[in-house]
Amino acid sequence: MHFTVAIDGPAAAGKGTISRAIAREFGFAHLDTGLLYRAVGLKGGDPVQAARSLSSDDLARDGLRSLAAGEAASRVAVLSDVRAALVDFQRDFARRDGGAVLDGRDIGTVICPEAEVKLFVTASAETRARRRWLEAGEDGSYKEVLAQVRARDARDSSRADAPLLAAPDAITLDTTEWTVTYAIEAAKEIIAARLATCA
Ligand code: CDP
């Protein structure tokens, strides 16, 4: 069975948490595509070469989840040749047997426009910054994290190639006022309903 769930949205909107819960619930494989860009950003040197030669070791290294890696990722993610080098891997993953959930910025728009379910998970910049700041162990100031979130949103949304955008047929989940449990339940319901139509 091929069944792809595409989950896009800005930094710290809850995509990762929702994706992992969905993968567990439905037995799908999960790919956090942000990790690919983070690994390219951290590798240093020529980013296009880094993207073309990305290995499983690169994806397992320490520090990939740090704020600095997120920043480096969004800088290399504006480069079309970097994005192009990562397309086939993501598409193959999406169509693997047994179903797959991919989260990122351009999954529903560019990587898998044919995905069976497309979600756009978002929240206010203030809420997302607070989550990131708490996640990072309240390291640094909340205001700094908010500025970083806003800068990353602006860079991701304004780039020419594959900007952060909801696909026209994506369902938007605004998690600003939601608990994690509620957000996960909302996503599960949408996927279960779609799966039932594919059976
Ligand atoms: O976890 P968080 O949402 O902060 O970031 P991430 O999903 O790990 O992505 C880090 C950066 O990689 C983003 O700010 C984007 O610039 C880039 N990215 C992208 O361009 N396309 C994707 N499919 C995934 C990430």
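The values are calculated or read from the model by the stated rules, or taken from the named source; none is laboratory data. Everything numeric here is computed off the predicted structure, so don't read it as measured data. Please note: Cβ atoms are built from the backbone with ideal geometry, for glycine as well, and neighbour counts cover all protein chains shown.
Within the stretch 170-184, is even one residue of a type outside the set (Lys, Arg), under 18 Å from HIS30 (Cα atoms) and in contact with a Ser or Thr (Cβ under 8 Å, 6 or more places away or on another chain)? Break it down stepwise before answering.
Of the stretch 170-184, the ones of a type outside the set (Lys, Arg) are 170-184.
Okay, now just the ones that are also under 18 Å from HIS30 (Cα atoms), so 183-184.
Retained after the next criterion (residues that are in contact with a Ser or Thr (Cβ under 8 Å, 6 or more places away or on another chain)): 183-184.
Yes, there is a match, as at least one residue in the stretch 170-184 is of a type outside the set (Lys, Arg), under 18 Å from HIS30 (Cα atoms) and in contact with a Ser or Thr (Cβ under 8 Å, 6 or more places away or on another chain).
Considering each of GLU185, GLU177 in turn, give the residue that is part of a helix (DSSP H, G or I) and acidic (Asp, Glu).
Values: GLU177 fails: part of a helix (DSSP H, G or I).
GLU185 is the lone residue from the list that is part of a helix (DSSP H, G or I) and acidic (Asp, Glu).
Which of the residues spanning the stretch 87-99 are on the phi < 0 side of the Ramachandran plot and more than 8 Å from the ligand (Cβ to nearest atom)?
As a first pass, look at the stretch 87-99 and keep what is on the phi < 0 side of the Ramachandran plot: 87-97.
Within the stretch 87-99, VAL87, ASP88, PHE89, ARG91, ASP92, PHE93, ALA94, ARG95, ARG96, ASP97 qualify.
Any residue in the stretch 56-70 that is within 12 Å of the ligand (Cβ to nearest atom) sitting within a Cβ distance under 6 Å of a residue that is of a type outside the set (D, E, K, R) and assigned to a loop (DSSP other than H, G, I, E, B)? List the pairs, counting only those 6 or more apart or interchain.
Final answer for the pair search is ALA69/GLY63.
Going by the structure shown, is VAL121 closer than 15 Å to THR4 by Cβ and either in contact with a Gly (Cβ under 8 Å, 6 or more places away or on another chain) or modelled with pLDDT of 95 or more (or both)? It would help to see each step written out before you state the result.
On the way: closer than 15 Å to THR4 by Cβ: no; either in contact with a Gly (Cβ under 8 Å, 6 or more places away or on another chain) or modelled with pLDDT of 95 or more (or both): yes.
No; evaluated as a whole, the condition is false for this residue.
Would you call LEU134 surrounded by fewer than 18 Cβ atoms within 10 Å (Cβ to Cβ), of a type in the set (A, V, I, L, M, F, W, C) and either more than 20 Å from THR176 (Cα to Cα) or without any contact (Cβ under 8 Å) to a residue 40 or more places away in the chain (or both)?
Details: surrounded by fewer than 18 Cβ atoms within 10 Å (Cβ to Cβ): yes; of a type in the set (A, V, I, L, M, F, W, C): yes; either more than 20 Å from THR176 (Cα to Cα) or without any contact (Cβ under 8 Å) to a residue 40 or more places away in the chain (or both): yes.
Yes.
Quick check: anything in the stretch 158-171 more than 19 Å from the chain's Cα centre (by Cα) and not aromatic (Phe, Trp, Tyr)?
Within the stretch 158-171, the subset more than 19 Å from the chain's Cα centre (by Cα) is none.
Within the stretch 158-171, none of the residues are more than 19 Å from the chain's Cα centre (by Cα) and not aromatic (Phe, Trp, Tyr).
Would you kindly identify the helices (runs of 4 or more DSSP H) lying entirely within the stretch 1-74 that contain at least 2 residues that are on the phi > 0 side of the Ramachandran plot, among the aliphatic types (A, V, I, L, M) and surrounded by 23 or more Cβ atoms within 10 Å (Cβ to Cβ)? Break it down into steps so the answer makes sense when it comes.
Numbers: elements: 15-26, 34-43, 47-52.
Once the helices (runs of 4 or more DSSP H) in the stretch 1-74 are filtered for at least 2 residues that are on the phi > 0 side of the Ramachandran plot, among the aliphatic types (A, V, I, L, M) and surrounded by 23 or more Cβ atoms within 10 Å (Cβ to Cβ), nothing remains.
Give the residues of the stretch 100-150 that are in a loop (DSSP other than H, G, I, E, B), away from the ligand (no atom under 13 Å from the Cβ) and under 23 Å from ARG75 (Cβ atoms), sorted by residue number.
Answer for the stretch 100-150, where residues must be in a loop (DSSP other than H, G, I, E, B), away from the ligand (no atom under 13 Å from the Cβ) and under 23 Å from ARG75 (Cβ atoms): ASP139, GLY140, SER141.
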